[in-house]
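Read-outs: derived from the displayed coordinates by stated rules, not from any lab. Every value quoted in this text rests on a predicted model; they were computed, and no experiment measured them. Neighbour counts run over all protein chains shown; Cβ positions are idealised from the backbone, glycine included.
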Amino acid sequence: METVKIKINGREYDVPKNSTVLEAARAAKIDIPTLCYLKDINEIGACRLCLVEVKGARGLVTSCVYPVNEGMEVFTNTPKVQQARKLNLELLLSNHEKKCLSCVRSTDCELQKLCRDYGVEESHFGGTRTQYEIDDSSPSIVRDNNKCILCRRCVAACHKMQGIGVIGPNDRGFDTHIGCAFEVKLADTTCINCGQCIVACPVGALYEKDDTQKIMDAIADPTKHVAICAAPSIRATIGESFGYAPGTDVEGKMVAAMKALGFDGVYDMNLTADLTIMEEATELLDRVNNGGKLPLITSCSPGWIKYCEHYFPQFTENLSTCKSPQQMFGAMYKTYYAQKMGLDPKDIFFVSAIPCTAKKFEVGRDGQSAAGVPDVDVAITTRELARMIQKAGIDFCALDDEKFDAPFEIGSGAGAIFGATGGVMEAALRMAAEVIMGKKLEKLEFEDVRGIAGIKTAAYKLGDLKVKVAVASGTANAKKLLEAVEAGELDVQFIEIMACPGGCVNGGGQPYQPAVVRNNVNLRELRASVLYNADAKMELRKSQDNPAVNRLYEEFLGKPGSHKAHELLHTHYVKRGM
Amino acid sequence: MKKKLTTVQFRGTKEQEEKLLEVIAKHQGTKGAMMPILQEAQEIYGYLPIEVQKIIAEKTGTPLEEIFGIVSFYAQFALNPKGDVSIAVCLGTACYVKGSGDLIKKIEEKLGVEPGSTTPDGKYTLEATRCIGACGLAPVLTINNDVYGRLTTADLDGILEKYM
């Protein structure tokens, strides 16, 4: 790697030739504050917080977009720099609704932290403040432009990262605001509810629609039986909300906290991830053997489903008809479990804790009411669950580990890895391979479909059958993949698509991480490692070996793909178009 | 100032659409072609309503919001068609101190149209302009190519009557 010599704050460093001043400083363990900068997707020098002095340069320069050159002398922390940053923060605050006490981002707001660091005077500039109506039309995402600082990180996440672009800057000057085309509400656009805009937002201008009060009300209602199930990935991330480093597995504490909240049952969604595999792998083999529509595409990610319905309606017949694990769980709970326990499905309040904001949309979809009532009553994000735990005064870190409740307590390693891109594919292959070859697999790892690459392809010879598969995460990658399939450039039978880059571990409902972490730590990989490590340590690593799943089929569903399974566990899609 | 969305019904013709498609085809694949496409589209239609922006979005593979963002940013692009009667009230300093603020308010009330937009029937457009250089006649307004100066709100009824 070619390097250049530069001086930062009087000390000499060798830094990569093509880096920016910001990157060079970070490599030297010096942090320069930023608000708008997100590596690779939002490098626009707009917020002017990363200002530094460069010897010989006219005025201060924005380090996030300023390239280094040989002999450059940079000063990141002079009084002049500090004063400029402070002034810029005060200007940002002058048109910011300072309702910090009750703000959902209070204590993890990037603007709040910088204002504290720089000793900013809140009311330095008076004058006009623009007033915006809060857009809470979407079932998933709330936009409060009164708190927006126009950094455009959400716009970059939506447009550049996800390839969607339903939000952007409208009008100009003091009237500039982030909104949708022709000022329609978010719910009336092709937004897929993935929530990547929320996790990109440095302040409280974007957040999920909070459904926690509905749960607390249900728990307080003695006539309600209230149950919760935890998605595969949230045990790998919720610890971050309580100070654990990214990549810490806190399953036992999470279960204990859920029990302390007062749920009547606390269950593992890994189990219905296994159930999904039983149904989906059966569907795949059926389509392969009986000339059904191929490639089959997974249907676990509701963000991806809505994307497909809007942007690729010609592919809706390729979608697996399987409900997502969340919906399968609710469906089984309100039919099988209700029957077993003599409960009226109407009295059951079923909650899913998921890394996802799109699941809030999914619970209200048609064809998701196996027992005549919605399969899932409320879907809450990892962040909402963490807030419930904090509000209830539960000392998360001090909890002793507890286990999920029977009869939905067992998930396989195949179910566990659902939370990472390629996980559903690997889980399905573990089952399909054994069914096709009629013998036990010796090696369970399908390494080609692992890792955080946006698009992965692989081919496996299973007995006489050659199975070609592809995996994409992030809808911009899904678009590339589907265009290649349409153009005949890619011939595959089975595709896994997750709406969020990296899969559920990087979902739009996961704990906030500030830009300084998002830019410098590989969150997707760290969080995914929790799931792969859990899988590697398990005895039970294949969905088809899960005794709890097999019990469901024996006692209730018959066999995978049965008429009853179709009635309860499968759904349909609509061609929404643009 | 925030651009006003139109309430005028779209009356685009097949011929206009064909011309628009030609314009888009001409610029297809050229980087940074959105500005000329929008400029030429506005020449065809006189303004850039949602129907036109949607065609451009679809044919260029650009999100509709990105196009709307550009159109709402630049003063040269119009979201409202020019009405048959185009009224521009000068809000330059001289006119303003001589009471043009009252004039524009009165016209707003009388015609039911906000500055920067056109009545739903497409007849009247009201605009607030900066100094038009006729300070000696302050307060001044123009209707199409006619100039009216030294006005009071009492004069408005008589003037507007001519264009009804």
Next on the checklist: Calculate the FRET efficiency for residue A:462 and residue A:517 from the Cβ-Cβ distance with a Förster distance of 41 Å, rounded to the nearest 0.05.
Outcome noted: 0.50
Checklist entry - What FRET efficiency would be calculated for the residue pair residue B:58, residue A:136, taking the C-beta separation as r and a Förster radius of 25 Å, to the nearest 0.05? => result 0.30
Checklist entry - In whole Å, how far is the Cα centre of region A:266-325 from that of region A:510-544? => result 23
Item to check | Separation in nanometres of the label points that stand 7 Å from Cα toward Cβ, at residue B:135 and residue B:19 | outcome: 4.0
Checklist outcome for this item: Distance in nm between residue A:366 and residue B:164 label points, each 7 Å along Cα→Cβ, equals 5.2
Checklist outcome for this item: Taking only Cα atoms of region A:1-160, the Rg to Rh ratio with Kirkwood Rh works out at 1.02
Item to check | Average beta-carbon neighbours from other chains, 10 Å sphere, peptide A:176-184 | outcome: 6
Item to check | Charge dipole (debye, nearest 20) of region A:3-77; +1 at Cβ of Lys and Arg, -1 at Cβ of Asp and Glu | outcome: 120
Item to check | Amide H contacts of residue A:124 (H built 1.01 Å from N, under 5 Å, at least 5 apart or other chain) | outcome: none
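Can you give the Kirkwood hydrodynamic radius for region B:85-161, in Å, rounded to one decimal and based on Cα pairs?
12.1
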Checklist entry - Which value, in Å to one decimal place, does the Kirkwood hydrodynamic radius take for the protein assembly as shown when every pair of different Cα atoms is included? => result 28.7
Item to check | Antiparallel bridges, percent of DSSP beta bridges restricted to the protein assembly as shown (to nearest 5) | outcome: 55
Next on the checklist: What distance in nm separates the two pseudo spin-label positions at residue A:12 and residue A:78, each 7 Å out from Cα along the beta-carbon direction?
Outcome noted: 2.1
Item to check | Square roots of 5 times each gyration tensor eigenvalue, C-alpha, region A:72-221, largest first, Å | outcome: 29, 20, 16
Checklist outcome for this item: Averaged over residues of A:157-165, the number of beta carbons from other chains lying within 10 Å of each residue's Cβ is 2
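Which whole-number percent is the relative contact order of chain A (Cα, under 8 Å, 6+ apart)?
Answer for chain A is 16 percent.
Based only on Cα atoms, what Rg/Rh ratio does region A:212-287 have, Rh being taken as Kirkwood's radius?
My calculation of the ratio gives 1.10.
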Item to check | Local electrostatic count, residue A:574, Cβ distance below 11 Å [Lys/Arg +1, Asp/Glu -1] | outcome: +2
Checklist entry - Residue-wise, which Karplus ³J(HN,Hα) couplings in Hz belong to region A:345-351, taking 6.51 cos²θ - 1.76 cosθ + 1.60, θ = phi - 60°, and x for glycine or proline? => result x, 5, 8, 8, 10, 9, 10
Checklist entry - Which residue, B:153, B:60, B:13, has the most motion in a Gaussian network model of chain B that connects Cα atoms within less than 10 Å? => result B:13
Next on the checklist: For a Förster distance of 35 Å, can you work out the FRET efficiency between the beta-carbons of residue A:3 and residue A:124, rounded to the nearest 0.05?
Outcome noted: 0.25
Checklist entry - Mind checking the alpha-carbon convex hull of region A:3-77 and giving the volume per residue in Å³? => result 80
Checklist entry - Cβ under 14 Å from residue A:182's Cβ, residue A:182 left aside: what net charge do those residues give with Lys, Arg +1 and Asp, Glu -1? => result -2
Checklist entry - Quick one: helix B:50-60 against the long Cα principal axis of chain B, what's the angle to the nearest 10°, folded into 0 to 90? => result 30
Checklist entry - If you take the C-alpha gyration tensor of region A:479-578, multiply each eigenvalue by 5 and take the square root, what semi-axes do you get, largest first, in whole Å? => result 31, 25, 15
Checklist entry - Excluding same-chain residues fewer than 8 positions from residue B:31, which aspartates and glutamates have a Cα within less than 14 Å of its Cα? => result none
Checklist entry - Where Lys and Arg each count +1 and Asp and Glu each count -1, what net charge lies around residue A:255 among other residues with Cβ under 13 Å from its Cβ? => result -4
Checklist entry - Reachable lysines from residue A:80, Cα under 17 Å, same-chain residues fewer than 8 places away excluded? => result A:55
Checklist entry - If packing is taken as the mean number of other Cβ atoms within 10 Å per residue, what is the order of A:475-481, A:259-265, highest first? => result A:475-481, A:259-265
Next on the checklist: Based only on other Cβ atoms within 10 Å, what is the fewest-to-most ordering of A:307, A:553?
Outcome noted: A:553, A:307
Item to check | Restraint check, A:306/A:403; A:147/A:391; B:14/B:82; A:17/A:39, Cα-Cα greater than 29 Å | outcome: A:306/A:403
Item to check | Peptides A:515-525, A:180-190 ordered by average Cβ neighbours within 10 Å, highest first | outcome: A:180-190, A:515-525
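Hey, what number do you get for the protein assembly as shown at 222 nm if only DSSP H runs of n ≥ 4 count, each worth -39500 (n - 2.57), divided across all residues, to the nearest 500?
Numbers: 27 runs with 254 residues, N = 742.
Rounded to the nearest 500, it is -10000 deg cm²/dmol.
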Item to check | For region A:263-367: span of alpha carbons on each principal axis (Å, largest first) | outcome: 43, 30, 22
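Among the listed pairs A:259/A:537; B:26/B:54; B:3/B:54; A:537/A:564, which are separated by more than 29 Å between their Cα atoms?
A:537/A:564, as the Cα separations exceed 29 Å there.
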Checklist entry - Roughly speaking, what % of Cα-Cα pairs in region A:213-569 are separated by over 26 Å, rounded to a whole number? => result 46
Checklist outcome for this item: For chain A, the helices passing both cut-offs (Cα extent along own axis of 24 Å or more, Kyte-Doolittle mean at least -1.0, full DSSP H runs) are A:270-289
Checklist outcome for this item: Taking 0.36 nm per residue of separation between residue A:185 and residue A:486 and subtracting their Cα-Cα distance, the length gained on full extension comes to 105.1 nm
Item to check | Cross-link reach list, aspartates and glutamates versus residue A:160, counting only Cα pairs under 17 Å and skipping chain neighbours closer than eight places | outcome: A:40, A:43, B:65, B:66
Checklist entry - How much length, in nm to one decimal, is gained on full extension between residue A:29 and residue A:443, taken as 0.36 nm per residue of separation minus their Cα-Cα distance? => result 144.8 nm
Next on the checklist: Strictly over 22 Å apart at the Cα level, which of A:359/A:468; A:214/A:323; A:209/A:340; A:185/A:360 would you flag in this model?
Outcome noted: A:359/A:468; A:214/A:323; A:209/A:340
Item to check | Convex hull projection area averaged over all views, region A:127-208, Cα basis, nm² | outcome: 5.1
Checklist outcome for this item: At 25 °C in a medium of viscosity 0.890 mPa s, chain B has a Stokes-Einstein diffusion coefficient, with Rh taken as the Kirkwood radius over alpha carbon pairs, in µm² per second, of 142
Item to check | Peptides ranked, highest mean first, by Cβ atoms within 10 Å: ranges A:357-368, A:453-464, A:133-144 | outcome: A:357-368, A:133-144, A:453-464
Checklist entry - DSSP beta bridges in region B:85-161, what fraction antiparallel, as a percent rounded to 5? => result 55
Checklist entry - Can you give the Kirkwood hydrodynamic radius for region B:14-73, in Å, rounded to one decimal and based on Cα pairs? => result 11.3
Item to check | Of all DSSP beta bridges in chain B, antiparallel share, percent nearest 5 | outcome: 55
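Averaged across the residues of B:69-80, what count of C-beta atoms belonging to other chains lies within 10 Å of each residue's C-beta? Let's see the in-between values first.
Values: counts 12, 3, 3, 12, 7, 1, 1, 0, 0, 0, 1, 0.
Going residue by residue through B:69-80 and averaging, the value is 3.
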